[in-house]
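Heads up, the thing below is written out as structure tokens.
Values in this text are rule-based calculations from the coordinates and carry no lab data. Quick caveat, the model's predicted, so the values are computed rather than measured. Neighbour counts are summed over all protein chains in view; Cβ atoms, including those assigned to glycine, are modelled from backbone coordinates with ideal geometry.
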Amino acid sequence: MTYADTGLLDATHVPVAGDFTVTASGRAVSVTAIAIDAAAHTVTLNLASPVADGAAVTVAYGDPGGADDVNAIQDAAGNDAASLGATSVVNNTPAPTAPVQPTVDGVAVQVGTVVNSDGSVSQALSIPIVTAGRVDQVGDNTVADIPLAHGADGSALLTTQVPVGIGLQATGSAQPKAAGDSLADLIREIQAHTAAGSHDQGMLTGGGSGFLGDLASDAPLIVQTIVPIAATGGMTPGPDHLAINGTAASAGSPATAIVLDGRGLPAGTSIELNNVEFVALIGAVSVSGGAGEQNVWGDSASQTIYLGPGDDVLHGGGGNDIVGSAGGNDQIFGDDGDDVVFGGAGNDTIDGGTGHDTLQLAGANRSDYSMRVAGGKLVVTQLNGGPDGADVVANVEALHFTGATGDTSAYGTAGRLVQALTGHPAGLETLDAATAASGKGASLSQIARSLYGQSGDSGMSDAAFVQALYQNALHRTAGGDETAFWTGKLDAGTHRADVALAVADSAEMLAIAPADTDFNATDVATLVRMYSALFDRAPDEAGLNYWIGAHENGMAMTGIANAFVMSAESSGQYSGMDDVRFVDTLYESALHREPVGTEAQYWIDSLAGGRVDRGDVLLAFADSAEKVALIGTISTSIPTQ
């Protein structure tokens, strides 16, 4: 609205939005903001929704008069402008560009424009479902290579490789623009593809805002929304996967930020990302990557996010996700849900978030790693220059050693033997003892006989023993020939422990994917509970790290427990106590209760008979089911004092 007065307008006292009535094609359009340019004599209205080309637009203004004489359209002298009835105005909204259909790499691509919700105009590019009969013109002949954005010189800056059975819609900037002018574009597109006010929307917009905040305001940036779709009606997608490729980082090259909405694809569909600096990922898809340092933020769907050697920032969002990287110094976040997280090669920062999360490691078992606590988080370092590097890990409740398959060390074999003989994972004390025995020259057969003697199954028939081994170790029933083979060996004098050892080291059991290790069952967690049980306090960081190191260097947990009992702090609390008083006090300190019935007498008699010492009692209390339940889940986030 332009006023013809020769004097200046008052740009300080602006009318409220309710003073105006705007319609477009008979439909009311809300006014969201008002700006007055005093010198230009103009009043500009910002509308809540865009006005389409060709729509009939009217504007009306009601002078508030005495009700609000200050906030009104007026000149500098305070004279109010008169009310304006519904008046038709010129609609200058440009007509959308008529789509054209060039053939690109054998595909009829439709290119046009779209008016966004904020009134801005973006390129709209539609790639139909790619069929096997297209005529390849450029690049990889198994996929359609199609550019989505170009530089001023016409070079392709953002491309997609679309396999048979897949199509997509891409909207956004056809050419780069300044990052400082792109926040509204990125936030608008995220909001358009997420539920208003949802946790997903908050996470993804926060991630996008943070990414743009780290860019120079004049850095060139391409913002696009990509919505792939899969063929229906019986057409089978080809074996290749969809790829989205930005521009390799170099001086003056643009960064790329995309909203990738994969909800139109079958769950688990693989998408490759290269040199795409930011991705808001929507839908239950699997993304992988190679080149570039990439920021990927997932939504509440269950997703696999596995990127390449750059220094990546990866967020799983909600859902039960797999989030990790092949290399680089990455920041990995599982966020909500029960996630699998890993950093790959390099020194990474890993946070499982909420839920029950698992850290995937490349080694065979705990002995391949050094662990220390720093600032309440666990620093996990693979020994001997292993590929995992040194990772800072928080909020992880389980460990998964991918290298455990084929581990025939005493540690690995003992673990499988206990599983085969009892059907349960081996305890830390058992693994310590097996490793120590091996170090002193004991053979695996001797270790197996010791473990068999502890398993308590000597009353079984030979056939029942063989069936139990197969069920516990291989999770299946032994066939008739297998049962006959092993019972024949036993009849000929082979010891049951050696049969168990043969099954434990069989190719079949070695090939079984190892179970996750509950972090509650690690030496670190046992030490935390020992501090709580004996001293009724959280561990101090220096002391905890000292004892973790001692255990890594071969000191058995029973020896560490004895050292706790003989420590100066223990002497101050338990000095002069006989066994009865020691046991009663330990019940109070460790379990916060008095002993019930004859349970205390068991430990008193065991101490008196020399079957255990006080360190053994402490370790038993610390690893008891009751103490584990009382402390609760111990994760790699460990409070210290």
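Computed quantities for the displayed model
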{"item": "Cβ-based charge dipole, the range 17-89, positive-most Cα from A72, G85, V29", "result": "V29"}
{"item": "Principal-axis tilt of helix 480-491 within the chain, Cα atoms, nearest 10 degrees", "result": "30 degrees"}
{"item": "For D336, distant residues with modelled amide H under 5 Å away", "result": "G317, G318, T354"}
{"item": "Folded to 0 to 90 degrees: helix 462-474 orientation relative to the chain principal axis, Cα", "result": "30 degrees"}
{"item": "Magnitude of the charge dipole, the chain, Cβ model with Lys/Arg +1 and Asp/Glu -1, debye to 20", "result": "1160 debye"}
{"item": "Residue-span extension gain [S575 to N553] - 0.36 nm each, minus C-alpha spacing", "result": "4.9 nm"}
{"item": "Magnitude of the charge dipole, the range 1-133, Cβ model with Lys/Arg +1 and Asp/Glu -1, debye to 20", "result": "660 debye"}
{"item": "Efficiency of FRET between V111 and T477 - r from beta-carbon atoms, R0 51 angstrom, step 0.05", "result": "0.25"}
{"item": "Segments 131-141, 606-616 sorted - mean Cβ within 10 Å per residue, highest first", "result": "606-616, 131-141"}
{"item": "Percentage relative contact order, the range 522-631, counting C-alpha pairs under 8 Å, at least six apart", "result": "36 percent"}
{"item": "Packing-based order for 250-258, 396-404, using average beta carbon neighbours within 10 Å, highest first", "result": "396-404, 250-258"}
{"item": "Calculated volume of the Cα convex hull per residue in Å³ (choose from (i) 226; (ii) 260; (iii) 183), label", "result": "(ii)"}
{"item": "Compactness of the range 522-631 - radius of gyration and Dmax, Cα, Å", "result": "13.3, 40"}
{"item": "Positive-end extreme of charge dipole, the chain - chosen from G165, V612, L510 (charges on Cβ)", "result": "L510"}
{"item": "Value at 222 nm in deg cm²/dmol, rounded to 500, when DSSP H runs of n ≥ 4 in the chain each add -39,500 (n - 2.57)", "result": "-8000 deg cm²/dmol"}
{"item": "Total charge dipole magnitude, the range 522-631, about the Cα centre, Cβ charges on Lys, Arg, Asp, Glu only, Debye to nearest 20", "result": "40 debye"}
{"item": "Per-peptide average of other Cβ atoms within 10 Å, ordering 460-466, 634-640 highest first", "result": "634-640, 460-466"}
{"item": "Difference of contour (0.36 nm per residue) and Cα-Cα distance, A39 to T494", "result": "153.4 nm"}
{"item": "Beta bridges by DSSP in the chain, antiparallel share as percent, to the nearest 5", "result": "55 percent"}
{"item": "Centroid-to-centroid separation of the range 341-360 and the range 21-55 [C-alpha atoms, Å]", "result": "51 Å"}
{"item": "Estimated FRET transfer efficiency when R0 is 25 angstrom, pair S367-A390 (beta carbons, to 0.05)", "result": "0.90"}
